[in-house]
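Student: Below you'll find the structure I mean.
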Amino acid sequence: MSRGTLRTWVLPSLDLLARVYLGGVFVLAAWGKILDPYSFSISIATYQMVPESAVNLMAIGLPWLELVAGVALIAGFWPRTQALLVNAMLVMFILAIWWALAHDLKMQCGCFASKEAEADISGMTVIRDLFWLGLGTFIYVADASRFGIDGLLQALRPKSVRGEQGGAS
Amino acid sequence: MRTRMLQMGRDSVRAVGVLLVAVLLALVFNAVRTNRLDLVARESFESLIFQPCPETEGTSAEAVVLKPEGGGETTAFPEGTVVVDARPASRYAEGHVPGAVNVVYDELEGVPDAAVEKLKPFKAVVVYCDGWEDEADETARYTNPPSSLLADELKARGLANVSYMEGGLRAHVSRGGRIEKGGNP
């Protein structure tokens, strides 16, 4: 496989798959929390890591950040930026779950709204989040979002402008 | 290198922008929805997330059930037994097993040394909490750590003959056991 094929087709295709999957996960996670912010506020409070005065603000704001970042990731709008945000959230989640596990808390992670989708937090929860973190890092580093809004805008730009901007997404 | 730094800086600025947009959307949506949340909770989450209560199976502590004929009083136990109410002080004051002492249990903080020392002179310790209203309610199991955890911890801290009351205070009341009101003696 030539370097050109890799850069033009393979990497962008893998990037698209990673974006749709990771974005979908975040949209799905956000949806239930937006519908039932009260339950999510209790989930946050259960971790006992956030001051009570900040629990509701987090329960209101975090799902929307997940939704916006997830949708934009799927659409390919500023994908590196969304990957940065998604990874920042994932690092926060991993630390929270690790902390809860270290304190032997028997609880669900509060990541998704559906109780059926959630077992108790465990080492597997951390591994799952680390996998997502890996995907986010791939999207950020590969910077190959040819398929999506950014790619479309890039293609529509006059060649001279594209050349000046070095093809950055 | 410089290009990468510039790219990271641009991404960070954009990330702050996306964050602001998301927060704005969240606040507007929360303001117009019917089941909106207060920006700052008016009530503490303590009662929702920490009720060191109900009982569960599979503990190293031996389960002890209050005898109905004993009226649920501590006299139903052998001499030298202390009954420990592991619920928050406010719940204890609302009603507890007669003679029980209140040792509030936070599974994150553990049992204070002073409380362990206070219990050491007794020959046996029986711990209880609220008891689940619905045994099938999984949510209650997640949000209410069992009192058996306290029993386990007391055992691990060197106390002998530590048990917990199966079904907790709820079972005690349902058996017709008496309730005493007031704070810790």
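Student: Computing the accessible area with a 1.4 Å probe over protein heavy atoms, can you report the carbon and sulfur percentage for segment A:1-106?
Tutor: C and S fraction of accessible area: 75 percent.
Student: Per residue of A:51-60, count partner chain C-beta atoms within 10 Å of its C-beta, then hand back the mean as an integer. Don't skip to the end; give the middle numbers.
Tutor: On the way: counts 1, 7, 3, 3, 5, 9, 9, 0, 4, 11.
Other-chain Cβ atoms within 10 Å of each residue's Cβ, averaged: 5.
Student: With every protein chain left in place, what is the accessible area per residue of segment A:3-146 in square angstrom, probe 1.4 Å?
Tutor: 45
Student: Using mean Cβ contacts within 10 Å as the protection proxy, how do B:18-28, B:93-103, B:121-131 order, highest first? Mind dumping the intermediate values first?
Tutor: On the way: B:18-28: 15.8, B:93-103: 18.5, B:121-131: 22.5.
Answer by packing, highest mean first, reads B:121-131, B:93-103, B:18-28.
Student: Indicate the gyration tensor shape class of segment A:3-146 (rounded, prolate or oblate), computed on the Cα atoms with a ≥ b ≥ c the square roots of the eigenvalues: a/c under 1.5 is rounded; otherwise a/b larger than b/c is prolate and the rest oblate.
Tutor: prolate
Student: Same structure again: Taking each residue of A:39-46 in turn, how many C-beta atoms of other protein chains fall within 10 Å of its C-beta, and what is the average?
Tutor: For peptide A:39-46, the averaged partner shielding equals 4.
Student: Another question about this same structure. Across segment A:149-154, in residue order, what do the Karplus-derived ³J(HN,Hα) couplings come to in whole Hz, using 6.51 cos²θ - 1.76 cosθ + 1.60 with θ = phi - 60° and x for Gly and Pro?
Tutor: Result, ordered by residue: 4, 4, x, 5, 4, 4 Hz.
Student: Roughly how big is segment B:2-49's charge dipole about its Cα centre, with Cβ charges of +1 (Lys, Arg) and -1 (Asp, Glu), in debye to the nearest 20?
Tutor: Its charge dipole is roughly 440 debye.
Student: Still on this model: If you place +1 on the Cβ of every Lys and Arg, -1 on the Cβ of every Asp and Glu, and leave all else neutral, what size is the dipole of chain A about its Cα centre, to the nearest 20 Debye? It would help to have the intermediate numbers written out before the result.
Tutor: Values: 12 positive and 12 negative charges, 166 e Å.
Dipole about the Cα centre, nearest 20: 800 debye.
Student: Using a ≥ b ≥ c from the Cα gyration tensor of segment B:2-49 (square roots of the eigenvalues), is it rounded, prolate or oblate, where a/c under 1.5 gives rounded and otherwise the larger of a/b and b/c decides, a/b for prolate? Numbers along the way, then the final one.
Tutor: Working: a/c = 5.98, a/b = 2.30, b/c = 2.61.
It comes out oblate by the Cα gyration axes.
Student: Can you tell me the order of B:5-17, A:71-83 when each peptide is scored by its average per-residue count of other Cβ atoms within 10 angstrom, highest first?
Tutor: Descending packing order for the listed peptides: A:71-83, B:5-17.
Student: Could you work out the mean count of beta carbons from other protein chains within 10 Å of each residue's beta carbon in A:26-37?
Tutor: Mean shielding by partner chains, rounded to a whole number: 1.
Student: I would also like to ask the following. From Cα pairs below 8 angstrom and at least 6 apart in sequence, can you work out the relative contact order of chain A, rounded to a whole percent? Don't jump to the answer; show the numbers that get you there.
Tutor: Working: 183 pairs, mean separation 50.4, N = 169.
That works out to 30 percent.
Student: Still on this structure, I have one more. Can you give the calculated 222 nm mean residue ellipticity of chain A, where each DSSP H run of n ≥ 4 adds -39,500 (n - 2.57) and the sum is split over every residue, rounded to the nearest 500 deg cm²/dmol?
Tutor: When only DSSP H runs of four or more count, the value is -23500 deg cm²/dmol.
Student: Could I ask something else about it? Can you tell me the order of A:145-153, B:166-174 when each peptide is scored by its average per-residue count of other Cβ atoms within 10 angstrom, highest first?
Tutor: The densest-packed peptide leads the list: B:166-174, A:145-153.
Student: Let me ask you something else. Can you list the residues, at least 5 places off or on another chain, whose amide H is less than 5 Å from the amide H of residue B:83, using H built in the peptide plane?
Tutor: B:101, B:126
Student: Note the buried accessible area between A and B here, summed over both chains, with a 1.4 Å probe, in Å² to the nearest 100.
Tutor: Separately minus together, A and B give about 3300 Å² buried.
The values are calculated or read from the model by the stated rules, or taken from the named source; none is laboratory data. Just so it is clear, the structure is predicted and the values come from calculations on it, not from any experiment. We place every Cβ from the backbone using ideal geometry, glycine too, and count neighbours over all the protein chains shown. Ligands, DNA and RNA are stripped out before the accessible areas are found, and what is left, the full protein with its side chains, is counted by its heavy atoms. Shrake-Rupley method; radii C 1.70, N 1.55, O 1.52, S 1.80 Å.
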